[in-house]
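To keep things clear, I will list the structure first and then write my remarks on it.
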Amino acid sequence: MMMAETLPVWLQDWAPGRPIHASDFFAARVVFYPGSGTDGQPVKYFVAKHVAHSFVFADYGITKNEVLRELEPTGHPFEGYESVGYTEVQEQDLTPSGWIPHIHPRNAPRQSITPGQAYAFIAVLERQPGWGGDHGPKRLAILFICADGVAAYDALFCQQEARAPFAVVLQDHGFGGNWTRFGRGGGLEKVASTAGRFPELLLVATNTEAWASYSVVEGTQTKGGGMHNHRRQLWRRNPQSGDNPIDTVQI
């Protein structure tokens, strides 16, 4: 099984109305989901095991109003949880030292997100009464950002002061509007390789090829229910020269 993460102190102590600081959010394990929509299945997968509390949903194909509607009581993405507050964050909050792209693909989107469309906010979700710890932790936090998945990974996890995410959800969408694959050989793997910032784990959909240097973890396939109802499988990064064994998650 995966080693559990203690509920971060900031998340335990946070009260509605207080600001949410990006530095606190990124100090914990982070699960990154590019092209996420509002698919809550990966959140359910990780929080049921109490192994992560911070999630980044990056998608330029969904509006802020659509996200907020899904976080309302009538929404559906995060069963057993309700939104209890959120904080708007600016680019300088997420990349306080600025950011320098590691790759410059010609076919990446240019000027596809207008200032009026752009948004980034961190929401705190709290477990609803009637749901116990076997469903997930008391609270979790999600950064929703209107951004290209590859650029977001580069800016958030590949800069000098940043660290790699704990896990990345990989699902390619065919004709879903993305300019590159998230799976093997695509822009996301390229930026991770160029910067040398790899996650410990990948949660890979059955229609997507895992990155090189990762091996499947047997017995970890989901039962479906995620985006387009694809099953997903956990993959673990192969030990590399220079890796610190302390940082390796136990499965």
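The values are calculated or read from the model by the stated rules, or taken from the named source; none is laboratory data. From a predicted model like this one, the values you see are computed outputs, not experimental measurements. Note: ideal-geometry Cβ built from the backbone for every residue, glycine included; neighbour counts use all protein chains shown.
Looking only at the range 59-101, count every residue that is part of a strand (DSSP E or B) and of a type in the set (Phe, Trp, Tyr) and tell me the total.
The qualifying residues number 2.
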| request: Answer yes or no: is there a residue in the range 36-46 that is small (Gly, Ala, Ser), under 24 Å from residue 187 (Cβ atoms) and surrounded by fewer than 17 Cβ atoms within 10 Å (Cβ to Cβ). | output: no
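Report yes if residue 251 is at pLDDT below 85 and either part of a helix (DSSP H, G or I) or surrounded by 18 or more Cβ atoms within 10 Å (Cβ to Cβ) (or both), otherwise no. Reasoning before the result, please.
Values: at pLDDT below 85: yes; either part of a helix (DSSP H, G or I) or surrounded by 18 or more Cβ atoms within 10 Å (Cβ to Cβ) (or both): no.
So residue 251 does not fit the description; no.
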| query | Does the range 173-182 include one or more residues that are at pLDDT 85 or above and not polar (S, T, N, Q)? | reply | yes
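Does the range 11-19 contain at least one residue that is in contact with a helix residue (DSSP H, G or I) (Cβ under 7 Å, 6 or more places away or on another chain), under 17 Å from residue 138 (Cα atoms) and not polar (S, T, N, Q)? Lay out the reasoning, then the answer.
Of the residues in the range 11-19, the ones in contact with a helix residue (DSSP H, G or I) (Cβ under 7 Å, 6 or more places away or on another chain) are none.
Checked the range 11-19: no residue is in contact with a helix residue (DSSP H, G or I) (Cβ under 7 Å, 6 or more places away or on another chain), under 17 Å from residue 138 (Cα atoms) and not polar (S, T, N, Q).
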| query | Is there any pair with a first residue in the range 206-218 that is loosely packed, with under 15 Cβ neighbours inside 10 Å and a second that is in a strand (DSSP E or B) whose Cβ atoms are under 7 Å apart and which are 6 or more apart or on different chains, and what are they? | reply | 213/237; 215/235; 215/236; 216/233; 216/235
